[in-house]
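Reviewing the structure listed below.
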Amino acid sequence: MLKHSIIVAGHYTTLSLEPQFLAALEEIATQRSTSVSALVADVNADRGNANLSSAIRVFVLRHYRDRISALNQRA
C-alpha cells in the first residue's frame, strides 16, 4: 500500500493505494490527456459517501471492464 499526496479541488489529500492501482490511474490519466489530480477530482465529485481510495479502485476496475466489454463487442 502506497500513500500518495495529491491536490484535489485545491486541497491536499492523501490516497492509500496499491502500486498497481496508482499505476493504472496514471495510465488512464495519460490516455485521457489529463492529470492524475484532475482525474481524481472527477472521481471525487462522483463518489458519494464512499472513501476516496475505494472510489478510485472502483473507477479503475470499471474503466478496464468497460474496455474489455468494448473489445468483446468489436469481435
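The candidate values are [x] 116; [y] 90; [z] 65; the one derived from this structure for volume of the Cα convex hull per residue in Å³ carries the label [y]. Under the membrane-span-like helix rule (DSSP H runs whose alpha carbons stretch at least 27 Å along the helix axis, mean Kyte-Doolittle hydropathy 0.5 or higher), the chain yields none.
Each reported figure results from applying straightforward, stated rules to the coordinates on display, with no laboratory input. Please read all numbers here as calculations on a predicted model, not as lab measurements.
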